[in-house]
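This report concerns only the one structure given below.
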């Protein structure tokens, strides 16, 4: 068991925040999948509600900072992002209200099992380059998009808006329920099921996450989950570290191939899942 007092150090909190921000933004997952198991291991006295309250505010700050950087890069599909974000909001509110009823042991098993399944899916699913571009809308709900980023790379793809909206409701619920931010589910869903190019999926997921996680933070705040001075201090120092970390992660994502991002996401998921289920 890790000594929980180590998290009282400002240096450790800042370093952890920077690491969470860098990795979370680089793969578009928000960083909650790193912070949640870390809090579970270092603070076994924390209830699931406390763990998710801390994690989701870090995820929100990370996503906002990362979205600014991704917005400058030109890789966010704002049309799809706004639609999907809208459908995450009802699930986000319900997820926060549900957390308090989940026993600690059940939380660990559900969280670990979900991460392991996602890791296996990413490791063994054939990587796609993006949905075939279709001019116009040949099917109900089908939307085509063309994006050119600031490096003059053009992405052409087609996705089903109805499927994306339905997935977003589920992601919206699971995100605050487990404190992971939802990006770790949304990125694989957008890349493999909706067939977004991986770099567009990563950036757009971060934008969706910024809106979704902010709603969850507001609900936690209204419930008084940040009233504890110890929790508030932890959140503040983690956030200060996360902001520059998110900028670093967005920069790194431009330099790394999509296949490497997917593989890194899968490996991180598997390590965390096995540690929780062990």
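The values are calculated or read from the model by the stated rules, or taken from the named source; none is laboratory data. Computed from a predicted structure; not experimentally measured. Every residue, glycine as well, gets a Cβ built from its backbone with ideal geometry; the counts of neighbours run over all protein chains shown.
The test for being surrounded by fewer than 23 Cβ atoms within 10 Å (Cβ to Cβ), farther than 21 Å from residue 224 by Cα and modelled with pLDDT under 85 holds for residue 7.
Of all the residues in the range 176-185, those that are over 21 Å from residue 248 (Cα atoms) and either free of Cβ contacts under 8 Å to residues at least 12 places away in the same chain or part of a helix (DSSP H, G or I) (or both) number 4. Could you please find all residues in the range 195-223 being modelled with pLDDT of 90 or more and in a loop (DSSP other than H, G, I, E, B)? Those that are modelled with pLDDT of 90 or more and in a loop (DSSP other than H, G, I, E, B): 196, 197. Screening residue 240 with (1) farther than 19 Å from residue 183 by Cβ; (2) without any contact (Cβ under 8 Å) to a residue 24 or more places away in the chain; (3) assigned to a helix (DSSP H, G or I) gives one miss only, at (2). Can you spot a residue in the range 179-186 that is surrounded by fewer than 19 Cβ atoms within 10 Å (Cβ to Cβ) and touching a helix residue (DSSP H, G or I) at 6+ places or on another chain (Cβ under 9 Å)? No, there is no match, as no residue in the range 179-186 is surrounded by fewer than 19 Cβ atoms within 10 Å (Cβ to Cβ) and touching a helix residue (DSSP H, G or I) at 6+ places or on another chain (Cβ under 9 Å). Here are some conditions: (1) modelled with pLDDT of 75 or more; (2) more than 22 Å from residue 169 (Cα to Cα); (3) surrounded by fewer than 18 Cβ atoms within 10 Å (Cβ to Cβ). Residue 134 meets all but one. Which one does it not meet? For residue 134, the exception is condition (1). Let me confirm something: among 25, 16, which residue is over 30 Å from residue 150 (Cα atoms) and buried (at least 24 other Cβ atoms within 10 Å of the Cβ)? Residue meeting the stated conditions: 16. Condition check: touching a helix residue (DSSP H, G or I) at 6+ places or on another chain (Cβ under 6 Å), farther than 26 Å from residue 169 by Cβ and touching a residue at least 60 places away in the same chain (Cβ under 8 Å). Does residue 253 satisfy that? Answer is yes for this residue.
With respect to the conditions (1) free of Cβ contacts under 8 Å to residues at least 60 places away in the same chain; (2) under 12 Å from the mean Cα position of the chain (by Cα), residue 30 lacks only one, and its number is (1).
Scan the range 40-60 for residues that are under 17 Å from residue 15 (Cα atoms) and surrounded by fewer than 24 Cβ atoms within 10 Å (Cβ to Cβ) and the total you get is 1. Applying the criterion of being surrounded by fewer than 13 Cβ atoms within 10 Å (Cβ to Cβ) and not in a helix (DSSP H, G or I) to the residues of the range 118-128, the residue that is modelled with the lowest pLDDT is 127. No other residue among 86, 94, 38 is over 13 Å from the mean Cα position of the chain (by Cα) and closer than 25 Å to residue 240 by Cα apart from 38.
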